[in-house]
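Participant: Here you go, one structure.
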Amino acid sequence: ENDRQKQGKITIEEFRAIYRSIAHREEIIEIFNTYSENRKILSGNSLTEFLTQEQYELEIDYSASTEIIQKYEPIDEMKNKGQMSFEGFARYMFSPECLLFKEKCKTVYQDMNQPLNDYFISSSHNTALVKGCRCLEIDCWDGAENEPVVYHGYTLTSKLLFKTVIQAINKYAFVSSEYPVVLSLENHCSPSQQEVMADILQSTFGDFLLSDMLDEFPDTLPSPEALKFKILVKNKKIGTLQETRERKGTDKQGQVIEYEEDVYDDDNEEPLKEPETRDIFLSRVQQEKERDPSKLTRGALAKRRTRKLKIALALSDLVIYTKAEKFRSLQYSRLHQQFNENNSIGESQARKLSKLKAHELIFHTRSFITRVYPKMFRADSSNFNPQEFWNVGCQMVALNFQTPGLPMDLQNGKFLDNGGSGYLLKPDFLRNTTLSFNPSEAIGDGHPITLTIRLISGIQLPVSLFSSKIDTLVIVEVHGVPNDHTKQQTRVVKNNAFSPRWNETFTFIIQVPELALIRFVVESQGFITGNEFLGQYTVPLLCMNKGYRRVPLFSKAGANLEPSSLFVYVWYIRE
């Protein structure tokens with residue numbers, strides 16, 4: 001369009017015209033003109049007014065505005081006068097300072113001194129140490145020449161030496177976060193190869209491996225802060241922590257313990273036809289206290305079977321605060337589970353418990369680390385929606401990190417918070433045993449947030465893989481407790497991905513903002529094959545800045561699509 005002389009080249013003036021069409025966007029000009037005295041310059045005072053009135057930067061002052069001018073204004077004459085041209089203003093508006101995500105949330109700002117069970121922990125169902133993941137599953141099997149191997153059993157994955165996997169984890173464990181890494185061993189190895197595993201763990205990790213209880217935490221779980229730069233092994237364990245300490249430094253080679261483990265059907269909870277209320281649950285707990293626990297549990301555990309397991313003492317003694325304990329029932333856990341015992345529950349059973357026994361499950365997750373893992377039939381490594389299990393306080397919701405889609409978008413979005421450390425302090429109502437909470441009835445603390453998002457425009461949106469004609473639309477989704485789950489979408493802007501304008505406003509009333517994630521999805525309308533996904537961004541509601549903000553977009557696989565983004569105005573208030 002700018003090669004008006006049809007010479008296959010353009011002049012500097014024509015190049016400037018192209019640049020202006022990219023950078024001098026109408027919606028930015030409108031904002032600039034609102035605060036500029038003469039539509040040409042923005043004074044320091046006018047910039048301060050914009051930042052406080054529109055961007056809700058309530059602690060900003062004239063000196064902060066001067067800093068912004070010095071940083072972004074390209075014209076020296078303007079800069080020296082403490083003024084800003086439109087060019088400088090546009091550069092500021094498209095800078096990282098005006099992104100949707102709060103600067104504070106990019107740092108570790110939460111209290112990291114609470115016990116481990118008080119945190120959501122970024123967890124992978126396989127060995128994927130990326131994006132701040134702090135809990136990995138390692139499927140271990142006997143290999144040739146007494147060398148244990150790692151592969152995801154019953155799926156089409158290649159075999160790696162256990163030693164190679166542990167060396168890789170040692171290299172990358174604390175690159176993205178200094179907080180503890182839990183290695184969840186899915187252990188299918190013979191006792192002799194378990195001893196090899198123990199040797200590899202100790203020789204590779206050295207002092208990073210937690211192999212004894214901390215003196216300050218003999219009977220409670222330590223905090224992420226107390227366990228900084230530590231690797232924790234999650235596996236079966238025999239005996240107490242004190243017995244483990246007494247054996248420290250002794251020769252354990254060849255010492256194998258055989259024990260019987262109860263095996264229960266996935267459906268071992270007492271059957272319920274409808275959700276249990278909090279009052280019924282508390283009444284049951286009181287009855288349990290008044291009765292003989294041994295008699296009580298035998299009745300509740302009618303579907304009992306056993307299997308014999310062998311465990312090498314050398315590996316058992318490396319398990320300290322993350323002892324893998326077979327989940328029997330919520331009732332059994334209340335009566336018998338120890339503070340350092342963790343449960344893994346399959347998604348089907350966890351879903352049933354979250355629907356029918358939410359109060360009881362939350363009571364359980366307030367005390368014990370609970371891991372939810374995908375169904376066996378997900379051999380294709382597909383994922384479930386993690387939100388329903390975060391809603392009931394499950395600390396480790398294990399996903400297949402290699403599989404893109406909505407579940408991983410929610411996972412990545414949620415764990416952007418708290419500096420991407422992989423640990424998020426759970427809301428008080430999922431930690432405090434005196435508070436009642438059921439996500440299905442949730443009205444939170446009675447202080448909902450009213451969220452308003454004006455979707456103004458798109459900026460150089462990704463191109464379609466299938467069509468040169470892109471008809472763009474945006475969907476805004478809310479993920480949280482069931483009552484908050486909703487979505488709204490814009491109209492379609494025809495044949496424009498470069499600078500589509502919507503100027504549409506959506507309002508959401510969010511009852512439990514502490515658990516809410518906001519997901520922006522950009523699509524190209526398609527009538528025959530359905531809409532085509534172009535990009536998305538997911539962010540915790542409470543990590544959203546107010547005011548005029550740019551929303552970065554990411555591909556399905558999680559790659560940053562910069563400069564593709566959305567331009568929005570955000571406002572919210574807590575009632």
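The values are calculated or read from the model by the stated rules, or taken from the named source; none is laboratory data. Just so it is clear, the model here is predicted, and its values are computed rather than measured. We place every Cβ from the backbone using ideal geometry, glycine too, and count neighbours over all the protein chains shown. Heavy atoms of the whole protein, side chains included, go into the accessibility calculation; ligands, DNA and RNA do not. Shrake-Rupley method; radii C 1.70, N 1.55, O 1.52, S 1.80 Å.
Participant: What pairs come up if the first residue lies in region 225-244 and is at pLDDT 95 or above and open to solvent by less than 50 Å² (accessible area, probe 1.4 Å), the second is hydrophobic (A, V, I, L, M, F, W, C) and in a helix (DSSP H, G or I), and their beta carbons are under 8 Å apart, counting only those six or more places apart or on different chains?
Facilitator: Leu227/Leu116; Ile231/Ile169; Ile231/Leu201; Ile231/Phe205; Ile231/Phe208; Val233/Leu201; Val233/Leu315; Asn235/Leu315
Participant: Same structure, new question: Which count do you get for residues in region 451-488 that are β-branched (Val, Ile, Thr) and either open to solvent by 50 Å² or more (accessible area, probe 1.4 Å) or free of Cβ contacts under 8 Å to residues at least 40 places away in the same chain (or both)?
Facilitator: As a first pass, look at region 451-488 and keep what is β-branched (Val, Ile, Thr): 452-453, 456, 459, 463, 470, 472, 474-476, 478, 481, 486.
Within this subset, residues satisfying the condition of being either open to solvent by 50 Å² or more (accessible area, probe 1.4 Å) or free of Cβ contacts under 8 Å to residues at least 40 places away in the same chain (or both) are 463, 486.
Selection size over region 451-488: 2.
Participant: So which of Leu515, Leu534 is crowded, with 22+ Cβ neighbours inside 10 Å and more than 28 Å from Ile449 (Cβ to Cβ)? Show your work before the answer.
Facilitator: Numbers: Leu515 fails: more than 28 Å from Ile449 (Cβ to Cβ).
Result of the check over Leu515, Leu534: Leu534.
Participant: Moving on to the next point. Of the residues Leu296, Leu353, Leu361, only one is at pLDDT below 95 and in contact with a helix residue (DSSP H, G or I) (Cβ under 9 Å, 6 or more places away or on another chain); which? Break it down into steps so the answer makes sense when it comes.
Facilitator: Values: Leu353 fails: at pLDDT below 95; Leu361 fails: at pLDDT below 95.
Of the residues listed, the single one that is at pLDDT below 95 and in contact with a helix residue (DSSP H, G or I) (Cβ under 9 Å, 6 or more places away or on another chain) is Leu296.
Participant: Looking at Thr204, is it open to solvent by 40 Å² or more (accessible area, probe 1.4 Å) and either closer than 22 Å to Asn126 by Cβ or among the basic types (Lys, Arg) (or both)?
Facilitator: The answer is no for Thr204.
Participant: I've got another one for you. If the Cβ limit is 6 Å and pairs must be 6+ apart or interchain, which residue in region 1-15 that is free of Cβ contacts under 8 Å to residues at least 60 places away in the same chain and open to solvent by less than 100 Å² (accessible area, probe 1.4 Å) pairs with which residue that is of a type in the set (S, T, N, Q) and outside any helix (DSSP H, G or I)?
Facilitator: Ile10/Asn2; Glu14/Asn2
Participant: Taking Gln110, is it surrounded by fewer than 15 Cβ atoms within 10 Å (Cβ to Cβ) and out of contact with any Cys (no Cβ under 8 Å at 6 or more places or on another chain)?
Facilitator: Working: surrounded by fewer than 15 Cβ atoms within 10 Å (Cβ to Cβ): no; out of contact with any Cys (no Cβ under 8 Å at 6 or more places or on another chain): yes.
No: the conditions fail for Gln110.
Participant: Could I ask something else about it? Give region 233-255 a look and list any residue that's touching a strand residue (DSSP E or B) at 6+ places or on another chain (Cβ under 6 Å) and within 23 Å of Arg305 (Cα to Cα), or say none.
Facilitator: Listed by number, the residues that qualify are Asn235, Lys236, Lys237, Ile238.
Participant: Which residues, counting only those in region 191-235, are in contact with a Phe, Trp or Tyr (Cβ under 7 Å, 6 or more places away or on another chain) and among the β-branched types (Val, Ile, Thr)?
Facilitator: Listed by number, the residues that qualify are Ile200, Thr220, Ile231.
Participant: Further question on the same structure: Of all the residues that make up region 421-450, how many are at positive phi and either over 17 Å from the mean Cα position of the chain (by Cα) or open to solvent by 20 Å² or more (accessible area, probe 1.4 Å) (or both)? Steps first, answer last, please.
Facilitator: So in region 421-450, the residues at positive phi come out as 422, 444, 446.
Filter once more, keeping what is either over 17 Å from the mean Cα position of the chain (by Cα) or open to solvent by 20 Å² or more (accessible area, probe 1.4 Å) (or both): 444, 446.
Here the count works out to 2.
Participant: Now a separate question. What about Leu315, is it aliphatic (A, V, I, L, M) and within 28 Å of Lys248 (Cβ to Cβ)?
Facilitator: Answer is yes for this residue.
Participant: Determine, yes or no, whether Pro500 is without any contact (Cβ under 8 Å) to a residue 60 or more places away in the chain and under 28 Å from Phe94 (Cα atoms).
Facilitator: Yes.
Participant: So, of the residues in region 524-575 that are part of a strand (DSSP E or B) and of a type in the set (Asp, Glu), which turns out to be farthest from Glu54 (Cα to Cα)? Explain how you work it out, then say what you get.
Facilitator: Our first condition is that a residue be part of a strand (DSSP E or B); within region 524-575, this holds for 524, 532-540, 544, 547-554, 560-574.
Among the residues that remain, those that are also of a type in the set (Asp, Glu) are: 532, 562.
Details: Glu532: 34, Glu562: 25 Å.
Among them, the one singled out is Glu532.
Participant: Report whether or not Ala128 is aliphatic (A, V, I, L, M) and surrounded by 21 or more Cβ atoms within 10 Å (Cβ to Cβ). Lay out the reasoning, then the answer.
Facilitator: Values: aliphatic (A, V, I, L, M): yes; surrounded by 21 or more Cβ atoms within 10 Å (Cβ to Cβ): no.
Judged against the criteria, Ala128 is not a match.
Participant: Further, regarding this structure: Enumerate the strands (runs of 3 or more DSSP E) found wholly within region 312-420, keeping only those where 2 or more residues are open to solvent by 10 Å² or more (accessible area, probe 1.4 Å) and in contact (Cβ under 8 Å) with a residue 24 or more places away in the chain.
Facilitator: Numbers: elements: 341-346, 370-373, 396-399.
Of the strands (runs of 3 or more DSSP E) lying wholly inside region 312-420, those with at least 2 residues that are open to solvent by 10 Å² or more (accessible area, probe 1.4 Å) and in contact (Cβ under 8 Å) with a residue 24 or more places away in the chain span 341-346.
Participant: A follow-up question, please. What number of residues within region 518-531 satisfy the criterion of being farther than 24 Å from Lys104 by Cα and either surrounded by fewer than 22 Cβ atoms within 10 Å (Cβ to Cβ) or acidic (Asp, Glu) (or both)?
Facilitator: Of the residues in that region, 9 qualify.
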